[in-house]
1. Out of Arg138, Arg133, I need the residue that is modelled with pLDDT under 85, assigned by TED's automatic domain parsing to the domain that holds Leu84, under 15 Å from Gly269 (Cα atoms) and among the basic types (Lys, Arg). Which one?
2. Where the second residue is in a helix (DSSP H, G or I) and β-branched (Val, Ile, Thr) and the first is assigned by TED's automatic domain parsing to the domain that holds Ala25 and exposed (fewer than 14 other Cβ atoms within 10 Å of the Cβ) and lies in the range 87-110, which pairs have Cβ atoms under 8 Å and are six or more apart or on separate chains?
3. Only one of Val85, Val112 is closer than 16 Å to Ile182 by Cα and at pLDDT 80 or above. Can you tell me which?
4. Being touching a Leu at 6+ places or on another chain (Cβ under 9 Å), of a type in the set (Val, Ile, Thr) and over 17 Å from Val91 (Cα atoms) is the filter here, so list the residues in the range 9-43 that pass it.
5. Which residue pairs have Cβ atoms under 7 Å apart, sit 6 or more places apart or on different chains, and have a first residue in the range 57-69 that is surrounded by 12 or more Cβ atoms within 10 Å (Cβ to Cβ) and a second that is assigned to a loop (DSSP other than H, G, I, E, B) and hydrophobic (A, V, I, L, M, F, W, C)?
6. Which of the strands (runs of 3 or more DSSP E) contained wholly in the range 187-304 include at least 1 residues that are touching a Phe, Trp or Tyr at 6+ places or on another chain (Cβ under 7 Å) and at pLDDT below 90?
Amino acid sequence: MTRTVRLSAALAINAALVVGLAISAGIAHSTGLLADAGHNLADVAAITLSLLAVRWALKPRSEFRSFGNLRGTILAALLNAAALVAVTLAVVALSVYRLVNPTHVDGGLMAVVAAAALVANALAALFLHEGGRDLNMRAALLHMIGDAAASFCVLVAGLVIAVTGAWERLDPVSSLVVAAIIAYQAVGIVRESVDVLLESTPSDVDLAALRDTITAVGGVEELHDLHVWSLSSEVRVLSAHLVLAAHPSLEEAQEVAGRVRAAVEVPFGLVHTTFELECERCVDEFGDPCGMDDLPIQVRSRLA
């Protein structure tokens with residue numbers, strides 16, 4: 001099943017849930033159900049955005065976008081996580097208000113609707129779960145997990161209220177517990193998305209091990225100006241300067257580059273590698289002459 005199909009199925013489930021939860025929240029006077037409806041409404045927008053990002057990322061690269069549109073999924077993940085944080089803050093504000101100003105809650109109806117929402121959210125989560133690193137799909141899945149957790153908490157609170165006829169403050173308390181969990185996970189997605197956009201080295205790439213692997217290849221004398229970054233959660237690229245031993249011919253140099261590429265692509269999850277081949281290392285007493293640290297004075301003055 002493709003990501004497009006799975007996202008479309010989750011979108012249909014959530015659109016139906018928003019209507020059902022909003023109506024039920026008004027009848028039961030339940031903050032928990034209203035919070036659940038709010039999360040699902042955010043999910044409708046989030047999954048739509050994720051779906052558009054998937055379709056956009058599949059478009060071929062062009063001269064205008066030589067790397068293609070792969071970063072579209074990262075932007076979608078960032079926006080989805082940020083929107084989830086905003087919705088969660090709104091839920092917290094409403095829950096605190098209900099704690100201070102409690103109102104009667106129909107616990108029975110609250111429990112029945114929450115149980116149905118739990119099943120629907122769990123089904124949507126199953127559609128979106130794939131166990132990969134893709135931040136776009138993980139952000140969409142986080143919305144589903146958050147809603148399933150919210151539905152479970154609302155279900156428990158509704159049952160307690162229905163059985164005891166009291167403890168109505170459990171309704172907003174359940175919303176606060178879920179809000180804390182989801183906000184924590186959403187912040188993690190935001191942080192990972194920003195790392196990709198800032199072209200940070202992927203957290204699970206050991207640069208020391210990568211350097212050792214490259215310099216262990218026969219014919220490589222030295223390595224410098226090494227960069228590893230991500231175009232998306234699943235597309236990593238590398239560029240580096242290789243100083244080759246014994247002044248090889250062009251054909252010999254290309255063979256060395258091919259061996260280096262074969263040694264690093266699979267173990268380090270690299271999709272695209274670019275090597276600049278050098279016969280002798282450039283001399284610079286202050287460090288790497290090819291590195292980004294040695295910016296031209298004109299550029300340095302503009303950045304200051």
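The values are calculated or read from the model by the stated rules, or taken from the named source; none is laboratory data. In this text the structure is predicted, and so the values were computed from the model without any measurement. Heads up, the Cβs are rebuilt from the backbone with ideal geometry, glycines too, and the neighbour counts pull from every protein chain shown.
1. On the way: Arg138 fails: under 15 Å from Gly269 (Cα atoms).
From the options Arg138, Arg133, the qualifying one is Arg133.
2. none
3. On the way: Val112 fails: closer than 16 Å to Ile182 by Cα.
When all the criteria are applied, what remains is Val85.
4. Within the range 9-43, Ile13, Ile27 meet the criteria.
5. Taking only residues 6 or more apart or on different chains, the pairs are Ala57/Leu70.
6. On the way: elements: 220-232, 235-244, 272-278.
Strands (runs of 3 or more DSSP E) meeting the threshold: 220-232.
For (1) of a type in the set (Ser, Thr, Tyr); (2) within 21 Å of Met137 (Cβ to Cβ); (3) crowded, with 21+ Cβ neighbours inside 10 Å; (4) not assigned by TED's automatic domain parsing to the domain that holds Leu84, each residue gets a yes or a no:
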| position | (1), (2), (3), (4) |
| --- | --- |
| Val156 | no, no, no, no |
| Leu159 | no, no, no, no |
| Ala162 | no, no, no, no |
| Val178 | no, no, yes, no |
| Ile181 | no, yes, no, no |
| Gly188 | no, yes, no, no |
| Glu192 | no, yes, yes, no |
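Residue-wise test of (1) of a type in the set (S, T, N, Q); (2) not in a helix (DSSP H, G or I).
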residue	(1), (2)
Ala9	no, no
Ala12	no, no
Val19	no, no
Ala25	no, no
Gly38	no, no
Ala46	no, no
Trp56	no, no
Phe64	no, yes
Asn69	yes, yes
